[in-house]
Amino acid sequence: MAAEGPSGVDFHFDIMCPYAYQTSIWMREVRDLAGIDVRWRFFSLEEINREEGKKHPWEREWSYGWSMMRIGAYLRRIDMDLLDRWYWAAGTALHVQGRKPHRPDVAAALLEELGLDPGIVEAAMADPTTGDEVRHEHDIVVEAGAFGVPTLVFADGQALFGPVLIDPPQGDEAVRLWEHVVGWLDYPRLYELQRPKRPSDIAAIGAAFAPYLNARDWITIQKDTP
């Protein structure tokens, strides 16, 4: 099965984001069915939503999503597939199982469950260039106008926020959604199309995100979109 349009995409994510996790499920389905090359890239919600006067995530010894992505950067240097597996394991732990992968001991346990060395947590934190790598990718996509995740960046430089969804489609429907999404690339002055959320939609989103809401150790801060 083949989908027309771009053959690859940079998928910017923060492991802590429940919307990005849902979209990553769909993106993996598209990758497997349509042969799309998915390149996992980083974005920091902690930094983009940082309040004035608060520390930057790279100024903290351990900083939830930022540190999780530093582990991902360490793994990606070995193989993009390792980052793919890490994002899947950590995202599933938080957003489905309600575990706390943003805590160092749980992050180490997840690595062990993947058959990897749990010492990678300490190794990634001891290497300052893993933080440099996350910051570099975050800064690049912010300069392109990104304000949140998931953000898709294509070879021609165009970036799209979303799709924002729950219940990711599978099979032919996943590929069909991909075709709709990349169709936006034909209209570079088309900026926004949004579905209003009814109370029933809010309830459905809350139910889908319940594991994340129960497991998080922070108060979610979200700035208005530009």
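The values are calculated or read from the model by the stated rules, or taken from the named source; none is laboratory data. Just so it is clear, the model here is predicted, and its values are computed rather than measured. Here the Cβ positions follow ideal geometry from the backbone for every residue, glycine too, while neighbour counts run over all protein chains shown. Heads up: the accessible areas ignore ligands, DNA and RNA and are worked out on the full protein's heavy atoms, side chains in. Shrake-Rupley method; radii C 1.70, N 1.55, O 1.52, S 1.80 Å.
Shown is the FRET efficiency for His180 and Gln158, computed with R0 = 22 Å from the Cβ-Cβ distance and rounded to the nearest 0.05: 0.90. Carbon-plus-sulfur accessible fraction, the chain (probe radius 1.4 Å, protein heavy atoms only): 51%. Any chance you could give the angle, 0 to 90 degrees and rounded to 10, that helix 64-78 forms with the longest Cα principal axis of the chain? Between helix and principal axis, roughly 80 degrees. In units of the compact-protein estimate 2.2 N^0.38 Å, region 72-151 shows a Cα radius of gyration of 1.15.
Across region 95-100, coupling constants 3J(HN,Hα) worked out from phi with the 6.51/-1.76/1.60 Karplus curve, θ = phi - 60°, read 8, 10, 8, x, 7, 10 Hz, and Gly and Pro carry x.
Annotation for region 55-89 versus region 178-221: alpha-carbon center distance of 23 Å. Within the full protein context, the accessible area of Arg39 is estimated at about 60 Å² for a probe radius of 1.4 Å. Between the residues Gly157, Leu116, Ser67, the greatest Cα displacement towards the positive end of the dipole of the chain, with unit charges on the Cβ of Lys, Arg, Asp and Glu, is found for Ser67. If you take all other residues with their beta carbon under 12 Å from the beta carbon of Arg31, and give Lys and Arg +1 and Asp and Glu -1, the sum is -3. Think of a 1.4 Å ball rolled over the protein heavy atoms: region 100-203 then has 60 Å² of accessible area per residue.
Taking all protein chains as shown and a probe of 1.4 angstrom, His56 keeps an accessible surface of around 40 Å².
Counted over the chain, the DSSP beta bridges are approximately 50% antiparallel.
Rolling a 1.4 Å probe over the protein chains gives Trp88 an accessible area of about 110 Å².
Residue-wise HN-Hα couplings along region 24-38, as the Karplus relation 6.51 cos²θ - 1.76 cosθ + 1.60 with θ = phi - 60° gives them from phi, are 5, 4, 4, 5, 5, 5, 4, 4, 6, 8, 10, x, 6, 7, 9 Hz; Gly and Pro carry x.
The label point for Thr92 and the one for Asp139, both projected 7 Å from the Cα toward the Cβ, are 3.5 nm apart.
Look at the alpha carbon pairs under 8 Å that are at least 6 residues apart: their mean separation over the length of the chain gives a relative contact order of 30 percent.
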